[in-house]
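The values are calculated or read from the model by the stated rules, or taken from the named source; none is laboratory data. Since we're looking at a predicted model, the values are computed, not measured. So basically every Cβ, Gly included, is an ideal-geometry build from the backbone, and we count neighbours across all protein chains shown.
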Amino acid sequence: MTTKAAVPSNHSPTNRLTRADVKWIALMSLVLWVAPHPSGADTAEIRIGSSEPIRPPYASALPPRPWEGDSSASILGRAPWRSPIENVRERRLRVREALGEMVAVPDPTRREAALQSAALFVAAQDWEAARFAYLRAIRQGANGIDVFRGLGRAALASRDTVLAEAAQLGALDHLSSVDDPIQFVELRAKIHRDLVLIYQLDGRRRDAALALGHVDGLSPTDRSTASWLDRQRYVSMALPLSGLADPAIDWPESGFDSAGPLTRWGRSVRELLPAPVLAQWQATRGWVQADERRRTVLLAAFGTIGFLVLTRIFRQRGDLIVTVQYPDELRGVFRVRVSSPRLRPRGLSEDWRAQVRKGGASTRYERHFVNRETQLTRLGVRRYAVWVEGVLLDPETEEVLGEFRDRKIVRVRNRRTVRLEFDASPEACPVDVEVFWHDAPAADVAVRAVGQPDAVPRSQGRGVRLGLPPGRHRLVVGAGDRVVEQAIDVASYRPTPVRMDLAGAEVVFKGCPPAVGPYLEGKIETVARALERDGQSVLAYRLLAREQVEGGNLDRAADFFESAGDTLEAARIRSETGDFIRSARLYEQAEQDREAARMWRQAGRLVEAGQAFERAEDLEAAIECYREARAIDSWISVLERRGRTFEAAQLALDADQRPRAIRLMQAISPDDAHFTEASWLLVGAFERESHFDLAAQKLEQHIASHPARGAPADRYAKLAELYEAAGHLERALEVLEDLRIREPTYPHIASRMESLRKQRSADRFVQSAVSPVLTGADAPTALIADARYEMLEEIGRGGMGVVYKARDRRLDRIVALKRLPEDLRRHHPRAVQLFLREAQAAARLNHPNIVTVHDTGQEEGHFFITMELLDGAPFNRILRQRGRLSTEHVIRIGTAVASALEYAHAQGIVHRDIKTANLFLTTEKTVKVMDFGLAKMFEEVRAGTTVISGTPFYMSPEQILGGAVDQRTDLYSLGVTLYELATGEVPFAKGDIAYHHRHTPAPDPRTLRADLPDSLATLLLRLLDKEPSHRLSSSAQLIEALRQVERDGHDAGGSSSPVI
C-alpha cells in the first residue's frame, strides 16, 4: 500500500528532533571527527548471492577489509570518496563514471527502441539484458526519472550495486523536472529509500545513515513506515565501539584522494610542524593506537567533554522585550510574533486586522492583545524576525484611526534581555471639516489643505475627513464664486473637529467663479489670469507672490509683491535674498526708516544708512554710520542734534571748519561739563580770526569756570595780552595787577605793566585831538555807546521794531540790525525773557534756508538782534508785483522752507509765524526763512493786548486757541502760505478769520485755479486739516510728498518754469 508523503512543516512537532537526539548526534559527530580513521572504510560493494564483490575502478587502491560482509561493521569509517548524499559534485562524478557519456547526436528512434526493449526484458525478468537496454537508452538521450529508476532496479536485481547507486543518483539529479511538490517529495523519499537498501547491501553504513535521515524527514508517519525506519536506524547506528579504530590505509600518490577538507588541512598542518614536534606527535599517536582499550578510554573521554560542551551550547537562553510606541491619547491593540528570519509566520492574510482585534492564545513565540510592551522569555540564542501588527483606536468611540505593520531582525544573546522598539505613531491626524453658511450646512463645497498632495474631497452637506500631519495648516474651501481660508492647529491624533462658516471666514477672493476650481487644484497661474480678467490684478499678484514664496523662488515673489503694492513684504523678501539696496528703498517707500537704515548698512552704504537712522530719530546709530563713512558734515550735524556739541566742535576743528566750530563752541552753556575745554579752544579760534575782544571775553569765562584755586597764571597773562590786542589797555592793566598779586614772581610782569601804562598815556593824547562825535536822538550811532554797530540806513519798520542796515565795526561786515520797541521791558517783561532765550537758540541755527542770527543784546534800554543782510525781496512783495506762482515754483519754495523747518524742528525750535512776509527770495534765487526766535515773543506781546495786531491769516487752530504747539503748527502755516502762493489768495480772507480756521473746512484750491495738479491740491488740503494728527507728522514727509508731486508732473509731460 502506497502512502503520499506530506509537505514538511517547520512548525510540525513530529518532525522536530528531541533534545536526546540532538545530544546523541552531537556526540557521534564529535567522535567521528576526533577518531583517527583510515581512508576507504566503506567502499566495498557486495553482490548478494555472488561469491565475488563488484568494486569500482579505483577499488584496487584499497587494502583488504576484514569487516566486509559484517552487518555490524562501523559506519564511522572514512569513505574513499565524499558521500554522494552530501556532495552534489561527487554524485554527478559517480553518475558520469558509471553510465558513460551520451552520444554526440542522439537518435530518437534508437532511444525509443531501447526503452521498449528494456520494458520487455523487465517483464521477462532478464535483468542483465534490461540493464544493458536502459544504458543504451540513456546514452541516446533518455533522461527521465523513470528511466534511471528502472536502470537502478535492474542493476540491483543483477547485484550491481555500483550501477544501481549511480542510477538512483541520476534520478535524484533529475527531480528538478517535477513540478508537483507532493510528487516531488514522494519520489525523493522513494529514491532515498532505495539508496538505503543499496548502501546496506554494499556495507556502506555511513552513507546509509545519511540517506536514512532524508527518508526520516520525507516519509509519511504511518505505523508501518515508522517501524521500518526504526529498524533500519538502529541497525545502522547501534554499532559496537570496537569497530571505530580502523587500520590506516596508505593511498598511492597518483591514485584517487578521497580525503575531506578537514583531513587535507590536518596533513598541511603536520607538514609545517618541526621535526622534533612531528616525531613526538607520531610517537604519541602510535602509543594511543597500540592498545585498543587505551584508545577506547580516550575516545570516551573526548566524547564526554564534547557532550558537555554541546549541552551547554544548546541550553543557552535569553529574553526579548518588544515595546510599541504611539501617542498616549490613543489605544493600541497589537500582535507580536517571532520566527526565523527566513520564514514568514502563519496568518499573514488580508484580514489580519480582524485577527489582531479578535486575538488568540499566547505562546512562547506569539503574544496577543499587546498594549505597549510585552516580554518573550527563554528564547534560544540566535537571530529572530519580530513581527508587530496592530491597530490604533479612539479610546472613546473604538474607531480605527490607524494601523501598523512592521518587521525587524534581532539577535537574542545568552542571559541577556534585548529591548526592541517599534514606533507606531501615525503620520497624519484625522481632521473632520464641516462647512456652513450662516449655521446651515453648505452643499457642494470642496475642501483642501494647502500644501497637501491629496485629492480635493467634496462635501454634499456632510463633513469631510482629512489626514494632516501635526502642525499649523491652512484649510481652503471653495464654494460658488468664492474661496475662503482658515488657519487651524492640528495637535491631536484623535479626530479634530473644524467648523468653517463661509460668511465669516477669511475670503481669499470672491466674485470670480472660473478661479475657484484652479485655486483648489493649486493652479495659481490660472487663478491669476482669471482674477486679472475680472479686474482683481492686485489680488492676482499677491497670490502669485505667495505661490513663489512657497516654492522657494523669492526673487519672483518680491517682484509680484512690488507689483501688488505690498512694499513691506517685498522689502522683507529682498533682504532675505541679499538684495539690501532694493530692500532699503522699499522700506523707505513704506516709511520704515529704521529697517531701511539696517538694509543700507548691510549693503555698505553708510551715508544712506545714517540718513535713514536720522529720519528714525536713532541719532546714536546715525553718528556711528557717519563716523565709519567719514561723512564729516553729516557727522557734525547729528552730533549737534544729539546734544554732543563739544564733540561736534572738536570734529569741525579737525576738519578745518573753524567758523562752524566757533558757532558750536559758542552754543556750549557754562553748566556743560566740557565748557572749560570748549572755552579755551574758542579763545584760540577767535584769536586766529583776529577777534581779540571776543577771545578775551571767552577767556574770562574760561577762567571763571575753574574751581576755587583759580586758573593757571599763564591764563591771566594770555587774557592781558588779548585785552591789549583789542585796545582795552585799562582792562589789560587790571588783569596784570591781579596776576602780580597772585604770582609776584611771574616773569617780566613788572616790565609789561610799565609798557601798558606808557601806551595808555599815548592813546589818551591822540583821542583828545579827534573831533567830537555826532549827537542827536535820531542819530544812527546813538543806539550803542561803544559804537560797535554803525547805522547806515533804515530798511524797514513795523509794529515790533525798526530794521536798520548797519556795519559791524568789530568784524567789519554789513548786517541787518532789528531794534525792538523801547517800552518792551516795561510792559512785557516775560516777552523780553522769551526773546533772549529764543534768540540765543536761533543763533545756533546754521542752515542755507534760514537767515543767520549773529548777535543779540541790550544797550541803554533798547533790545536788538543782528542778522545777515539779505539782498532780494520777501514773497508778499513778489505776490503783489507778479501774482500767483507756477506749480513748479510752489513745489520748490515749499521744499526749501520744509527743509529749513525740518532742521529747526530737530533743534527743538518751532517758528510759530510762517507766512509770505517771513519768506525771502535772495538775488541768488535762495529762499530764506526769517524771524526765527522772535515769533514766541510776538505772541506774548499780542496776548497782553486787547486787540490783536494784524489778522491771523496764517495761524493754526490750536495756535488761535492758545493750546500747545509743535512742528505740525508750522506745517499748517506753511500750508496756508503755499495755498496763497499757488492761488494768489489765503484760504480765509474775509469774515471771522479765527473762527474759519477753527471750524470751516478749507476751500479746494482748484476752485481758484483749475490747472492746479490734483496731487498738490490734495496735499494742501491735508496740511490745512483742523486736527493736527490728520496732517503730515513731519517736514520730512512733506518734502517727500512735494517731490512725489513733482515726479507726477514730469510723468504727465509737464515742463518746468524758469526760476523767479
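Determine whether residue 288 is on the phi < 0 side of the Ramachandran plot and either assigned by TED's automatic domain parsing to the domain that holds residue 377 or modelled with pLDDT of 85 or more (or both). Let's see the steps before the verdict.
Working: on the phi < 0 side of the Ramachandran plot: yes; either assigned by TED's automatic domain parsing to the domain that holds residue 377 or modelled with pLDDT of 85 or more (or both): no.
No.
Being in contact with a Lys or Arg (Cβ under 6 Å, 6 or more places away or on another chain) and either farther than 30 Å from residue 422 by Cα or surrounded by 12 or more Cβ atoms within 10 Å (Cβ to Cβ) (or both) narrows it down to one residue among 322, 288, 277; which is it? Reasoning before the result, please.
On the way: 322 fails: in contact with a Lys or Arg (Cβ under 6 Å, 6 or more places away or on another chain); 277 fails: in contact with a Lys or Arg (Cβ under 6 Å, 6 or more places away or on another chain).
From the options 322, 288, 277, the qualifying one is 288.
Could you check region 518-563 and list, in sequence order, the residues that are outside any helix (DSSP H, G or I), of a type outside the set (Gly, Ala, Ser) and either touching a strand residue (DSSP E or B) at 6+ places or on another chain (Cβ under 9 Å) or crowded, with 16+ Cβ neighbours inside 10 Å (or both)?
Hits for region 518-563 are 521, 534, 536.
Tell me yes or no: at least one residue of region 621-632 is surrounded by fewer than 21 Cβ atoms within 10 Å (Cβ to Cβ), on the phi < 0 side of the Ramachandran plot, in a helix (DSSP H, G or I) and among the acidic types (Asp, Glu). Before you say what the answer is, go through the steps one by one.
Residues of region 621-632 that are surrounded by fewer than 21 Cβ atoms within 10 Å (Cβ to Cβ), as a first pass: 621, 624, 627-632.
Retained after the next criterion (residues that are on the phi < 0 side of the Ramachandran plot): 621, 624, 627-629, 631-632.
In the following step, the residues that additionally are in a helix (DSSP H, G or I) were identified as 621, 624, 627-629, 632.
Those still in the list that are among the acidic types (Asp, Glu) too: 624, 628.
Yes: region 621-632 contains one or more residues that are surrounded by fewer than 21 Cβ atoms within 10 Å (Cβ to Cβ), on the phi < 0 side of the Ramachandran plot, in a helix (DSSP H, G or I) and among the acidic types (Asp, Glu).
Please go through region 432-475 and give me each residue that is of a type in the set (Asp, Glu) and either modelled with pLDDT of 80 or more or more than 24 Å from residue 548 (Cα to Cα) (or both), ordered by number. Steps first, please.
Step one: filter region 432-475 for residues of a type in the set (Asp, Glu), giving 432, 434, 439, 444, 454.
Result: 432, 434, 439, 444.
Just to be sure, is residue 300 part of a helix (DSSP H, G or I) and either among the basic types (Lys, Arg) or modelled with pLDDT of 75 or more (or both)?
Numbers: part of a helix (DSSP H, G or I): yes; either among the basic types (Lys, Arg) or modelled with pLDDT of 75 or more (or both): yes.
The answer is yes for residue 300.
Evaluate region 394-405: report whether one residue or more is in contact (Cβ under 8 Å) with a residue 40 or more places away in the chain, surrounded by 15 or more Cβ atoms within 10 Å (Cβ to Cβ) and part of a loop (DSSP other than H, G, I, E, B).
Yes, that holds for at least one residue.
Inspect region 602-623 for any residue being within 27 Å of residue 900 (Cα to Cα), free of Cβ contacts under 8 Å to residues at least 12 places away in the same chain and not charged (D, E, K, R) and give the result as yes or no.
Step one: list which residues in region 602-623 are within 27 Å of residue 900 (Cα to Cα), which gives 605-623.
Applying the additional criterion that residues be free of Cβ contacts under 8 Å to residues at least 12 places away in the same chain yields 617.
Keeping just the survivors that are not charged (D, E, K, R) gives none.
Within region 602-623, none of the residues are within 27 Å of residue 900 (Cα to Cα), free of Cβ contacts under 8 Å to residues at least 12 places away in the same chain and not charged (D, E, K, R).
Given the structure, is residue 184 crowded, with 21+ Cβ neighbours inside 10 Å and either of a type outside the set (D, E, K, R) or in contact with a strand residue (DSSP E or B) (Cβ under 9 Å, 6 or more places away or on another chain) (or both)?
Working: crowded, with 21+ Cβ neighbours inside 10 Å: no; either of a type outside the set (D, E, K, R) or in contact with a strand residue (DSSP E or B) (Cβ under 9 Å, 6 or more places away or on another chain) (or both): yes.
Judged against the criteria, residue 184 is not a match.
Of the residues that sit in region 122-173 and are closer than 20 Å to residue 189 by Cβ and of a type in the set (Val, Ile, Thr), which one is nearest to the chain's Cα centre (by Cα)?
By that ranking, first place goes to 145.
I'd like the residue in region 990-1032 that is out of contact with any helix residue (DSSP H, G or I) (no Cβ under 7 Å at 6 or more places or on another chain) and among the small types (Gly, Ala, Ser) and, out of all such residues, is farthest from residue 903 (Cα to Cα).
Out of the qualifying residues, it is 991.
Would you tally the residues in region 1000-1021 being in a helix (DSSP H, G or I), free of Cβ contacts under 8 Å to residues at least 24 places away in the same chain and surrounded by fewer than 19 Cβ atoms within 10 Å (Cβ to Cβ)? Steps first, please.
Initial filter on region 1000-1021 (in a helix (DSSP H, G or I)): 1005-1007, 1014-1021.
Imposing the further condition that a residue be free of Cβ contacts under 8 Å to residues at least 24 places away in the same chain reduces the set to 1006-1007, 1014, 1017-1018, 1021.
Still in the running and surrounded by fewer than 19 Cβ atoms within 10 Å (Cβ to Cβ): 1006-1007, 1014, 1018, 1021.
Residues flagged as in a helix (DSSP H, G or I), free of Cβ contacts under 8 Å to residues at least 24 places away in the same chain and surrounded by fewer than 19 Cβ atoms within 10 Å (Cβ to Cβ) within region 1000-1021 amount to 5.
Determine which single condition residue 734 fails, assuming it passes every other condition in (1) surrounded by 11 or more Cβ atoms within 10 Å (Cβ to Cβ); (2) at pLDDT below 75.
Condition (2) is where residue 734 drops out.
Please go through region 154-167 and pick out each residue that is free of Cβ contacts under 8 Å to residues at least 40 places away in the same chain and not in a loop (DSSP other than H, G, I, E, B). Steps first, answer last, please.
At the first step, the residues of region 154-167 found to be free of Cβ contacts under 8 Å to residues at least 40 places away in the same chain are 154-155, 157-158, 164.
Answer for region 154-167, where residues must be free of Cβ contacts under 8 Å to residues at least 40 places away in the same chain and not in a loop (DSSP other than H, G, I, E, B): 154, 155, 157, 164.
Taking region 433-453 as the region of interest, how many residues are in contact (Cβ under 8 Å) with a residue 24 or more places away in the chain, out of contact with any helix residue (DSSP H, G or I) (no Cβ under 7 Å at 6 or more places or on another chain), surrounded by 14 or more Cβ atoms within 10 Å (Cβ to Cβ) and assigned to a strand (DSSP E or B)?
Counting residues in region 433-453 that are in contact (Cβ under 8 Å) with a residue 24 or more places away in the chain, out of contact with any helix residue (DSSP H, G or I) (no Cβ under 7 Å at 6 or more places or on another chain), surrounded by 14 or more Cβ atoms within 10 Å (Cβ to Cβ) and assigned to a strand (DSSP E or B) gives 8.
All but one of (1) at pLDDT 75 or above; (2) farther than 22 Å from residue 187 by Cα hold for residue 78; state the number of the condition that does not hold.
(1)
Going by what's in this entry, would residue 282 be described as exposed (fewer than 14 other Cβ atoms within 10 Å of the Cβ) and in contact (Cβ under 8 Å) with a residue 24 or more places away in the chain? Step through it out loud before you land on a result.
Numbers: exposed (fewer than 14 other Cβ atoms within 10 Å of the Cβ): yes; in contact (Cβ under 8 Å) with a residue 24 or more places away in the chain: no.
In short, no.
Going by what's in this entry, would residue 584 be described as within 30 Å of residue 630 (Cβ to Cβ), crowded, with 16+ Cβ neighbours inside 10 Å and in contact (Cβ under 8 Å) with a residue 12 or more places away in the chain?
yes
Quick one: in region 367-381, of everything that is under 42 Å from the mean Cα position of the chain (by Cα) and not polar (S, T, N, Q), which residue is surrounded by the most Cβ atoms within 10 Å (Cβ to Cβ)?
370
Can you tell me how many residues in region 852-892 are of a type in the set (S, T, N, Q), in contact with a Ser or Thr (Cβ under 8 Å, 6 or more places away or on another chain) and in a loop (DSSP other than H, G, I, E, B)?
Summing the residues that are of a type in the set (S, T, N, Q), in contact with a Ser or Thr (Cβ under 8 Å, 6 or more places away or on another chain) and in a loop (DSSP other than H, G, I, E, B) in region 852-892 gives 1.
What's the total number of residues in region 468-483 that are small (Gly, Ala, Ser) and surrounded by fewer than 16 Cβ atoms within 10 Å (Cβ to Cβ)? Step through it out loud before you land on a result.
Residues of region 468-483 small (Gly, Ala, Ser): 471, 478-480.
From what's left, surrounded by fewer than 16 Cβ atoms within 10 Å (Cβ to Cβ): 471, 480.
Of the residues in that region, 2 qualify.
When you look at residue 342, is it in a strand (DSSP E or B) and modelled with pLDDT under 90, yes or no?
Values: in a strand (DSSP E or B): no; modelled with pLDDT under 90: yes.
Criteria not met by residue 342.
Quick one: residue 862 ticks every box in (1) touching a Lys or Arg at 6+ places or on another chain (Cβ under 8 Å); (2) crowded, with 18+ Cβ neighbours inside 10 Å except a single one, so which number is it?
It is condition (2) that residue 862 fails.
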